[in-house]
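To start, the structure under review is shown below, and the notes come after it.
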Amino acid sequence: MAVNQDEEVVLTEDKGNVRLITLNQPRKLNVISSRVVYLLAENLEKWEKDEDAKLVIIKGAGRAFSAGGDLKMFYDGRTSKDSCLEVVYRFYWLCYHIHTYKKPQVALVHGISMGGGASLMVPMKFSVVTEKTVFATPEASIGFHTDCGFSYILSRLPGHLGEYIALTGARLSGEELVASGLTTHLVPLDKLSALENRLVSLNSGSESAVKAAIEEFSLDVQIGEESVLNKRPIIDECFSKDSVEEILESFEAESRKEGNGWIVPVLKGLKRSSPTGLKITLRSIRDGRKQTLSECLKKEFRLTMNILRTTISGDVYEGIRALTVDKDNSPKWDPPRLGEVDTQKLDLVFGPFEEDSELRVPENDENRWSGKYEESVYAR
């Protein structure tokens, strides 16, 4: 069957020893659907095992890299039990393989790169952003949690920047991403295709050669005085507190001090967010500090399934409804206030599954591509 390039959600090309993968839903900002996850995993496994494949490049078609998970897919499945279990399982399993990939990968990232979309760039050996790149993990605000490996990634940022980014959904620019260490290089948007051609012409998987080629095009990063990265003393002071309530109280006190006007809109956003989403996210990031990548992904799989199953709240569906379905931006949270979120109920979404039902992350390199959804209890 002929592939319609306009309709195939992921395009791949073999160019000598280089493999290119393009997220190809520009009209939908390259959201990640079940088909996207399946094709990404299939190709990455094939290329890692192929001796002729030396370098993998991933990019997004159109004006975005990827806006993240397909929220409509989750919302449409809200009345069917575990309608999204397969795609969730496959994606967390894929996240592990992206973090631990055995060959050099380069992400060429322009435009929006959020949530699950950002998990396809941040773990890469080389993640190249532009002055037009916008990153965020805004999941807590809609009653979800910081997922796709980000409880591992953000918990390892300096100080309490990770809690800040996770709870506020703060947007970071390309410059800020490089300065924070979340990505590796900044290349001007008008040089991105020239860089891609240069990488293809290298026809090599040599990390030093790839790095040198990227550096030919990259700029030194200068972050502005107003950047949130320059607000670290305040962020570390406020976001180190034990609870979301204490964080908000401390942040509010700081907002009243001279020169701290930047806090006011951030605080407003936090107060509009799902109380349950904020509490789950803070705990997940804090736990992430003490967890391995595998432990974080297993935990995030549990959290995602328990949230989608509305184990303690239906906030995720209400958040998606308010943001993308009715677009009234007036979610009715359950419960509506932080103080009403029951800590014991929170334990329910973090609790382990029966061993067979956990995400099966490979234990060693010999069985590196085992644990697929097809081998899980869910497929059986």
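The values are calculated or read from the model by the stated rules, or taken from the named source; none is laboratory data. Because the structure is predicted, anything quoted here is derived from the model rather than measured. Cβ placement follows ideal geometry from the backbone for every residue including glycine, while neighbour counts extend to all protein chains displayed.
Per-structure values
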quantity	calculated
Residue check for residue 89: in contact with a helix residue (DSSP H, G or I) (Cβ under 8 Å, 6 or more places away or on another chain), in contact (Cβ under 8 Å) with a residue 60 or more places away in the chain and either over 16 Å from residue 371 (Cβ atoms) or part of a loop (DSSP other than H, G, I, E, B) (or both)	no
Subset of segment 318-347 (residues that are closer than 16 Å to residue 138 by Cβ and of a type outside the set (A, V, I, L, M))	318, 319, 321, 324, 327, 329, 331, 333
From 200, 228, residue being touching a strand residue (DSSP E or B) at 6+ places or on another chain (Cβ under 6 Å) and of a type in the set (Val, Ile, Thr)	200
Residue that is aromatic (Phe, Trp, Tyr) and closer than 22 Å to residue 189 by Cα, where the choices are 91, 126	126
Output for segment 271-284, where each listed residue is farther than 23 Å from residue 306 by Cβ and in contact (Cβ under 8 Å) with a residue 40 or more places away in the chain	272
Hits in segment 225-240 - residues which are free of Cβ contacts under 8 Å to residues at least 40 places away in the same chain and exposed (fewer than 15 other Cβ atoms within 10 Å of the Cβ)	225, 226, 230, 233
Long-range neighbours under 6 Å by Cβ, at least six apart or interchain, first residue among the charged types (D, E, K, R) within segment 33-45, second crowded, with 19+ Cβ neighbours inside 10 Å and part of a helix (DSSP H, G or I)	none
Identity of the residue in segment 75-86, not in a helix (DSSP H, G or I) and not charged (D, E, K, R), that ends up surrounded by the most Cβ atoms within 10 Å (Cβ to Cβ)	84
Positions within segment 335-368 being surrounded by 15 or more Cβ atoms within 10 Å (Cβ to Cβ), under 25 Å from the mean Cα position of the chain (by Cα) and assigned to a loop (DSSP other than H, G, I, E, B), in sequence order	358, 359, 360, 361, 362, 368
Failed condition for residue 123, given (1) without any contact (Cβ under 8 Å) to a residue 60 or more places away in the chain; (2) out of contact with any His (no Cβ under 6 Å at 6 or more places or on another chain)	(2)
Failed item, numbered, when residue 331 is tested on (1) within 24 Å of the chain's Cα centre (by Cα); (2) surrounded by 14 or more Cβ atoms within 10 Å (Cβ to Cβ); (3) outside any loop (DSSP other than H, G, I, E, B); (4) not small (Gly, Ala, Ser)	(3)
Condition check for residue 374: in a helix (DSSP H, G or I), closer than 30 Å to residue 49 by Cα and not aromatic (Phe, Trp, Tyr)	yes
Contacts under 9 angstrom Cβ, first residue in segment 289-315 being more than 18 Å from residue 93 (Cβ to Cβ), partner modelled with pLDDT under 95 and surrounded by 22 or more Cβ atoms within 10 Å (Cβ to Cβ), 6 or more apart	none
Search result, residues across segment 63-80 that are closer than 22 Å to residue 111 by Cβ and in contact with a Ser or Thr (Cβ under 9 Å, 6 or more places away or on another chain)	64, 65, 66, 67, 68, 69, 70, 71, 72, 73
Residue within segment 64-77 that is closer than 24 Å to residue 145 by Cβ and out of contact with any helix residue (DSSP H, G or I) (no Cβ under 9 Å at 6 or more places or on another chain) present	yes
Segment 179-211: number of residues that are touching a residue at least 40 places away in the same chain (Cβ under 8 Å) and either over 18 Å from residue 53 (Cβ atoms) or touching an Asp or Glu at 6+ places or on another chain (Cβ under 6 Å) (or both)	13
Unmet criterion (only one of (1) at pLDDT 95 or above; (2) surrounded by fewer than 21 Cβ atoms within 10 Å (Cβ to Cβ)) for residue 114	(2)
Subset tally (residues that are in a helix (DSSP H, G or I) and surrounded by 18 or more Cβ atoms within 10 Å (Cβ to Cβ)) for segment 50-74	2
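Residue-wise test of (1) at pLDDT below 95; (2) assigned to a loop (DSSP other than H, G, I, E, B); (3) closer than 23 Å to residue 370 by Cα; (4) among the basic types (Lys, Arg).
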| residue | (1), (2), (3), (4) |
| --- | --- |
| 11 | no, no, no, no |
| 14 | no, no, no, no |
| 20 | no, no, no, no |
| 27 | no, no, no, yes |
| 35 | no, no, yes, yes |
| 40 | no, no, yes, no |
| 45 | no, no, yes, no |
| 48 | no, no, yes, no |
